[in-house]
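Trainee: Would you mind keeping the following structure in view while I ask a few things?
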Amino acid sequence: MRRLRLAAILVGLLLTTLILLPVQLFAIRFRPSLAARVPMWWQRVAARCLGLRVRIEGTPVTDRPLLIVSNHVSWVDIVTLGSILPVSFIAKSEVGGWPVVKWLARLQRSVFIDRTRRTATAASNSAIAARLAGAEALVLFAEGTTGDGITVLPFRSALVGAAREASGADQPITIQPVAISYVGFQGLPIDRSRMAEIAWHGHMDLAPHLVSLIEIGAVDAVVAFGAPIVFGPDADRKQVTAVAEAEVRALVRSIRSRGLKNITVTTTSPDAAILSEAENG
């Protein structure tokens, strides 16, 4: 039965990809606003296939340009955030070389950056700034790597500074801290010993981790949106990053302290008015 379920999910994702691929290729070329939404439709199908149930706390801002600054637990974060908002991701350059994943990332209109060479920083900043200047919403996993799903690693301020290049006196960038926390498997709380089943570290193979999550069949995630931060041309990137990091840490602690059954959800559906406005903007 497990093999049949896995096969059915893979076939479903393949068919979804084949259906949406020509739509996205057309949208990227002729309809940028549609190109931001098509990947969200794919991610919603992927979320359903994984049994991923995403609950939202707080309010996603509709201001654009928007840089979402989030913690990073797993590759599942892409599906978690991508299924509730029309966003693109800032991804490390290595992702651009992964089989299959690289094509999905490009269709998601991800911005690839090279964090290993200082000489590439200027080009990365310019690419991020150009997308933000186009009034888009980008997601930056500010830790620079995945964590253990319990603690939040220090945020890196260098890429947050790319927002400065897109800022102006008349149009500052909005930065919104966002916390991602996985709180349940099959309706039961995830304790520290099982967090490794959702957290994904760089040395882990993607395929076995994906199969393992599919076998679990139901994952509860919480996405908490923090208070937005206005990042104008005179703001200090390190200070802004520190504020965002503190907000994300506080949100993660709050979610985990309340546990699975005591979560108060203020926005319960990705079809809420605030998200609908974001999609149509």
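The values are calculated or read from the model by the stated rules, or taken from the named source; none is laboratory data. Since the model is a prediction, treat every value here as computed from it, not as a measurement. All Cβ positions, even for glycine, are placed from backbone atoms using ideal geometry, and neighbour counts span all protein chains on display. What goes into the accessible areas is simple: the full protein's heavy atoms, side chains included, and nothing from ligands, DNA or RNA. Shrake-Rupley method; radii C 1.70, N 1.55, O 1.52, S 1.80 Å.
Trainee: Can you confirm whether residue 10 is without any contact (Cβ under 8 Å) to a residue 24 or more places away in the chain and closer than 26 Å to residue 194 by Cα?
Mentor: Considered against the rule, which asks whether it is without any contact (Cβ under 8 Å) to a residue 24 or more places away in the chain and closer than 26 Å to residue 194 by Cα, residue 10 comes out as yes.
Trainee: For residue 246, state whether it is in contact with a strand residue (DSSP E or B) (Cβ under 9 Å, 6 or more places away or on another chain) and touching a residue at least 40 places away in the same chain (Cβ under 8 Å).
Mentor: No.
Trainee: So, in the range 17-36, how many residues would count as being of a type outside the set (Gly, Ala, Ser) and surrounded by 17 or more Cβ atoms within 10 Å (Cβ to Cβ)?
Mentor: The total comes to 3.
Trainee: Out of (1) modelled with pLDDT under 85; (2) open to solvent by 30 Å² or more (accessible area, probe 1.4 Å); (3) assigned to a loop (DSSP other than H, G, I, E, B); (4) more than 15 Å from residue 229 (Cα to Cα), the odd one out for residue 211 is which?
Mentor: (3)
Trainee: Let me ask something else about it. Go through the residues of the range 83-93 one by one and say whether even a single one is open to solvent by 20 Å² or more (accessible area, probe 1.4 Å) and within 27 Å of residue 230 (Cβ to Cβ).
Mentor: no
Trainee: I'd like to verify a number: residues in the range 167-185 that are modelled with pLDDT of 95 or more and either of a type in the set (Phe, Trp, Tyr) or not in a strand (DSSP E or B) (or both), how many?
Mentor: 0
Trainee: Out of all the residues in the range 128-145, which are out of contact with any Lys or Arg (no Cβ under 7 Å at 6 or more places or on another chain) and either among the hydrophobic types (A, V, I, L, M, F, W, C) or farther than 16 Å from residue 113 by Cβ (or both)?
Mentor: 128, 129, 130, 132, 133, 134, 139, 140, 141
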